[in-house]
Structures are given as structure tokens and as C-alpha cells.
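The structure appears right after this line, and notes come after that.
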Amino acid sequence: MKFVSYKTEDIVHLGLFIDGHIYNLNSCDKLLPDNMNAFLQGGEVLMERAKKVDAQIKDGSLQAKEEIFYEILAPVPNPTSCRDGYAFRQHVAAARRNRKVDMIPQFDEYPIFYFTNHNAIQGTGEVECMPDHFEKLDFELELAIVIGKKGRNIKAADADEYIAGYMVMNDMSARTLQMEEMLLNLGPAKGKDFSTVIGPWLVTPDELEPYKVSAKEGHVGNAYNLKMTCRVNGIEVSKGNAADMDWTFAEIIERCAYGVDILPGDVIGSGTVGTGCFLELNGTGLLNDPNYQTQWLQPGDVVEMEITGLGALTNTITKANTDFSILALKK
């Protein structure tokens, strides 16, 4: 199934995306909530009811009315939290090599994550940025999961059953702000907290079964052969594969849930795929050629991220109408 959150006349709804059309879940079954958060709180019981509706629409036994005028939102417009992982060794190794430092051995010992601003989640559409964000504004090509049921102290071997679905994720990054504050061994905060993009819909794990592959040696959990690409203004700048994740989502969940509850509606990102951001691409380019022309996102740029089975997420970068700068406030 593919779930979408969408808005009509300033009211947020929950629907199924089927063959290019959106069908309101609550209109098809009054026992199904009309918003994603309440739906996820209902767990497996509501998921099974939605699965029945999905099957009936597809086989024609339910004559559902499709939505015509709507605005697509983030699949989970108000997540309970948002974490981002660090699962792709290729990205970490390349970024460190470009800084002329050795690969950090702790990467292979345990999966890590940070919390980002769950109130800055958005979906397809415009991403408005402040002037300081354009000081090395970057995309980060990732995939993400949404937690579907409450859990605590979950073992990796059992963790995949806590995943309600998968999405494309763009962890927007303002690199100058990020690098400055991390010199003080805190963050990333202002370099990340202005926008995290997810979407275009939430895809349930059963739809990814045809793409399932073995996790890397020594790791536990589901892995998938999903091609990942990013285009900026129609030009492909990044490509990778979800199968290259070294740490699985199951292993990341195990760490996230140690001594703490994970909740329905929690969003967890994979971290950046190898070649999945300008920071890495620019660094590699300059390492190989001192005359390499670096690139950062600019106002008006269109960023398109696509992952096999998960759809395409498109955003246009815009600049806020202000000259307010916190970089200018530095003492």
C-alpha cells in the first residue's frame, strides 16, 4: 500500500495512492481515521482494515471516489520525532578521505543517529530558506522509515516488524552553519533544523518484498536493492543503492529503542547514501582536480529524488524575503 497525507480546503486528510489516484480512507471505511498520526496509533488492526480497502479498490469491488483538488503533504505531517542515522560506510569514508583524515573505526562498531527538528518536516513543494542557509546549501539523498507500533529494548532480529513503511528523505543541510557549530562538539542543529523533506508517500514493507536482498555480512535485518538517484535541475548528480547500507534499519532501531520508547509516527532516516550530497561530491572533485567547480543549491533550483518502489520527491528551493543573518551576529 501507498499512504498519502494531503490537504483540501486547509483540512489534512489521509488517503491511499493507487494507480495515480488518491482515495480518502475515512470515506471508504468510517472506522479508519482521517489523519496519519491517529491511523498509526491504531497499529496492526487499522493497517489490516486499510489493506482490505486497498484490495477492494484495486479489484473494483469498492467504488471509491477519487480526490481531484488537493495538495500533497509529507506522508507523516507531524511525526512524534525525527532521527537520522549514519548507515552508509561509503559516504562516511569518502567524506573523511576528502578531509584527509582516516576512516573512523567506531563506524563499524555500532550504528549512530541524531535527533533533528520534527516540526520542520515537509513534503513535496517549495523549501523556503533563509539567507544563511544559502552559505553552502546542500541536499542529502536518503531513505527513511516510519515506526508503526510502540516498543522498547527491541532486538534487531525483531525490529523490522516495527516498521510501518518506507519513504524518500532529503535531509536538507546548511553546511556553513553546520560546520561552525560542530567545532564546539554540539549539533548538527542550525545546519539541519530548517527543513527535512519526506515523501511523496509511505510505502508498506510488503511492496518492497520483490527487492529484498541479504544484509551485509555480520549484520541483521531486512535490506533492499533499491536504486537511489538525485537530479538537480534535471541533471543527475547522485546515484546509489539502498542495498549499500552497512547498518540496517533493524540495527538502528535496536539502538534507538535501548532504554527508551519508540512510538508510532517516529521517523528514522538512513543517513546519506554514497555520493548523496554536494559536500561529498565537491570534496571528491577537488581532491582529484584543484580546478573542480564546486556546486551548492541556489534559489530556483529543482531537486528531484527518486528511489525504486518509493517514488519521486520533488522540491523547489526558494529564498525568504529578508536579509536577516545569524552568521552576521558572530562576536
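Some points to look at:
- Cα gyration tensor shape of the chain, rounded if a/c is under 1.5, else prolate or oblate by comparing a/b with b/c: prolate
- Listed residues Gln293, Gln41, Gln178, most fluctuating in the chain (Gaussian network, C-alpha, under 10 Å): Gln293
- The mean sequence separation of alpha-carbon pairs under 8 Å and at least six residues apart, normalised by the residue count of the range 8-87, gives a relative contact order of 29 percent.
- Relative contact order of the chain, pairs being alpha-carbon contacts under 8 Å that are 6 or more residues apart, as %: 23 percent
- When nucleic acids and ligands are ignored and a 1.4 Å probe is applied, Phe115 ends up with an accessible area of around 120 Å².
- Neighbour net charge for Gly265 - beta-carbon separation under 13 angstrom, K R +1, D E -1: +1
- In the elastic network of the chain, a GNM with C-alpha springs shorter than 10 Å, the most mobile of Ala215, Ala189, Ala320 is Ala320.
- Solvent exposure of the chain as accessible area per residue, Å², 1.4 Å probe: 47 Å²
- Per-pair calculated FRET efficiency, R0 = 25 Å: Thr8 and Lys52 via Cβ, rounded to 0.05: 0.55
- Total formal charge among the other residues, if their Cβ is under 12 angstrom from that of Met130, Lys/Arg +1 and Asp/Glu -1: -3
- In nm, spacing of pseudo-spin labels at Lys30 and Ala93 (7 Å Cα→C-beta vector): 5.9 nm
- Flagged links, alpha-carbon separation over 21 Å, of Lys51/Lys155; Lys149/Lys216; Lys192/Lys330; Lys2/Lys319; Lys136/Lys227; Lys58/Lys149: Lys51/Lys155; Lys149/Lys216; Lys2/Lys319; Lys136/Lys227; Lys58/Lys149
- Overall, the accessible surface of the chain at a probe of 1.4 angstrom is composed of carbon and sulfur to the extent of 50 percent.
- Taking a ≥ b ≥ c as the square roots of the eigenvalues of the Cα gyration tensor, an a/c ratio of 1.5 or more together with a/b no larger than b/c marks the range 70-146 as oblate.
- Positive-pole candidate from Leu313, Leu281, Leu297, dipole of the range 251-331, charges at beta carbon: Leu297
- Net charge, Thr204 excluded, C-beta distance under 11 Å - Lys, Arg +1, Asp, Glu -1: -2
- Under a 5 Å amide H cut-off, with hydrogens placed 1.01 Å from N, Glu128 pairs with Thr318 among residues at least 5 apart or on other chains.
- Within the chain, longest stretch clear of exposed GluC sites (Glu not before Pro) (DSSP loop, no more than 12 other Cβ within 10 Å): 218-331
- Of the chymotrypsin sites (Phe, Trp or Tyr not before Pro) in the range 69-102, the ones in a loop by DSSP (not H, G, I, E or B) with at most 10 other beta carbons within 10 Å are Phe69.
- Structure-based [θ]222 nm, the chain - -39500 (n - 2.57) summed over DSSP H runs of at least 4, per residue, nearest 500: -5500 deg cm²/dmol
- Probe 1.4 Å, all protein chains present, accessible-area order of Arg97, Arg89, largest first: Arg97, Arg89
- Around the amide H of Leu310, modelled in the peptide plane, lies no amide H under 5 Å away from a residue 5 or more places distant or on another chain.
- Three-way shape call for the range 2-72 based on the alpha-carbon gyration tensor, with the a/c threshold at 1.5: oblate
- In this view, the solvent-accessible surface of His91, computed with a 1.4 Å probe and all protein chains in place, comes to about 20 Å².
- Cleavage-rule hits, chymotrypsin sites (Phe, Trp or Tyr not before Pro), the range 239-331, DSSP coil, Cβ neighbours within 10 Å at most 13: Tyr258, Phe324
The values are calculated or read from the model by the stated rules, or taken from the named source; none is laboratory data. These figures come from a predicted structure and were not determined experimentally. As a convention, Cβ positions derive from the backbone with ideal geometry for all residues, glycine included, and neighbour counts pool all protein chains shown. In case anyone asks, the SASA skips ligands and DNA or RNA and just uses the protein heavy atoms, side chains included. Shrake-Rupley method; radii C 1.70, N 1.55, O 1.52, S 1.80 Å.
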